[in-house]
1. Just to be sure I understand, how many residues within the range 235-284 are among the hydroxyl-bearing types (S, T, Y) and over 14 Å from M311 (Cβ atoms)?
2. With the condition kept exactly as written, say whether any residue in the range 336-351 is in contact with a strand residue (DSSP E or B) (Cβ under 9 Å, 6 or more places away or on another chain), touching a residue at least 24 places away in the same chain (Cβ under 8 Å) and aromatic (F, W, Y).
3. When you scan the range 125-139, do you find a residue that is more than 23 Å from the chain's Cα centre (by Cα) and free of Cβ contacts under 8 Å to residues at least 60 places away in the same chain, even just one?
4. Out of the range 332-362, which residues are exposed (fewer than 13 other Cβ atoms within 10 Å of the Cβ), modelled with pLDDT under 95 and under 16 Å from T290 (Cβ atoms)?
5. Based on this model, can you work out whether S144 counts as under 24 Å from P25 (Cα atoms), outside any strand (DSSP E or B) and of a type in the set (G, A, S)?
6. Among the residues of the range 256-277, what is the count of those that are in contact (Cβ under 8 Å) with a residue 12 or more places away in the chain and over 12 Å from W337 (Cβ atoms)?
7. Only one residue in E317, E291, E283, E301 is in contact (Cβ under 8 Å) with a residue 60 or more places away in the chain and out of contact with any Leu (no Cβ under 8 Å at 6 or more places or on another chain), so which one is that?
8. With at pLDDT 90 or above, in the same structural domain as E156 (by TED's automatic domain parsing) and of a type in the set (A, V, I, L, M) as the only criterion, which of A40, A22, A28, A34 stands out?
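The values are calculated or read from the model by the stated rules, or taken from the named source; none is laboratory data. The model shown is predicted, which means the values in this text are computed figures rather than measured ones. Cβ atoms come from the backbone with ideal geometry, glycine included; neighbour counts cover every protein chain shown.
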Amino acid sequence: MTRPKKTGVATLAVRAVRTQQADKPVYAFFVAGADLLKIAEISRVHRDSDGSLHGFQRKGIKSHVQAITDFLDQGPVLFPNAIILAIAPSARFTQSRGEKPEGDARVCEAGTLRIPLPRDGSKCAWIVDGQQRSIALSQARNKSFPVPVVAFVSEELSVHREQFILVNKARPLDPRLINELLPELDTVFPRELSSRKIPSELVNLLHTSRDSPFYGLIKRISEDSSSAVVIDSALIKSIRSSINGALGCLAPHKATAGSPADVDTMYRILKAYWSAVRTVFPEAWGRPATESRLMHSAGIEAMSILMDRVMSRASLEADLFGHATEALSRLAPHCRWTSGRWQELQRDWNEIQNVGKDIKLLSGHLVRLDHMHAFAKVA
């Protein structure tokens, strides 16, 4: 550790190599495992009182951390997994002098990287990948265990989130956390992630917009709210199916080669339909899934399939809420969301589960009821 005379700020000095990617300096170096959490912090995902999303990291998993710690404490072990950091521009790199060796590929340069260690306890680096390993290394008996680190220079939270998602895409990262982070980013993702971004944006709007029937009712991984009763993943899955399905009511508004997706119209359709659901089934709305199968993932998915049928019959210039309310009112006498028995299905209201066969059974019944009553007057 050195103390530069000019600033008086302590630094951690490491031998490093530097290269460039996307106009950003990228460093590779080794540090003692116990020093990782001295220079880098873990940015936990959470929302403030205004509902703004902060951070990106999931909660620590104690069992995972303990398993890594136990492995490290076995004795001499090979543990070459690199930690990925985002590091502030305040870290300074000094290139080594001297001639480069013959045959040098010239893709990087060697030198010394000095990482500030402010006295106030603040940190100039953030862990993008490897939080569990970093915690385990700080708890391991061997505090000098050398850990490989790759660090890119950026203080932008959106860049940290982007890299976090891309690094963890192929790993067992909670899909709900990815879904919640996606709307916060403005970048080009692989196709599989891109197709999830708009449904995630719509669910975010449904949860945070005061004119939405789902306002404050959606369970998200960044919040712990007693009033939230609908799992976000059920809505995201349903919206994605409507956008991608040939007969989905949201499909006409998805992106094409010549125009971007019309998210505003999608939201208008969703708000109108689910506002009608709330109006027609007030006794079942906003209650926990154990008390209302309408709020259960099975009910959300089945009613979303019905939405595609009902809202596809409406013109965008029409009263969408009125149209949906009229259609759902015809079905209401036959629905058993909070008590009773679905006679045609031979199921009690609380026997409907979030499994494929039950969702198919319930949605098929709702669609048949809609067809029967919507066209009852047709000769």
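1. Of the residues in the range 235-284, the ones among the hydroxyl-bearing types (S, T, Y) are 238, 241-242, 256, 259, 265, 267, 273, 275, 279.
Within this subset, residues satisfying the condition of being over 14 Å from M311 (Cβ atoms) are 256, 259, 279.
Within the range 235-284, residues that are among the hydroxyl-bearing types (S, T, Y) and over 14 Å from M311 (Cβ atoms) number 3.
2. yes
3. The answer is no; no qualifying residue exists.
4. none
5. Working: under 24 Å from P25 (Cα atoms): no; outside any strand (DSSP E or B): yes; of a type in the set (G, A, S): yes.
Answer is no for this residue.
6. Here is the first cut: in the range 256-277, the residues in contact (Cβ under 8 Å) with a residue 12 or more places away in the chain are 261, 263, 265-277.
Now restrict to residues that are over 12 Å from W337 (Cβ atoms): 261, 263, 265-276.
Counting residues in the range 256-277 that are in contact (Cβ under 8 Å) with a residue 12 or more places away in the chain and over 12 Å from W337 (Cβ atoms) gives 14.
7. Details: E317 fails: in contact (Cβ under 8 Å) with a residue 60 or more places away in the chain; E291 fails: in contact (Cβ under 8 Å) with a residue 60 or more places away in the chain; E283 fails: in contact (Cβ under 8 Å) with a residue 60 or more places away in the chain.
Exactly one residue qualifies, and that residue is E301.
8. Values: A40 fails: at pLDDT 90 or above; A22 fails: at pLDDT 90 or above; A34 fails: at pLDDT 90 or above.
After applying the criteria, what remains is A28.
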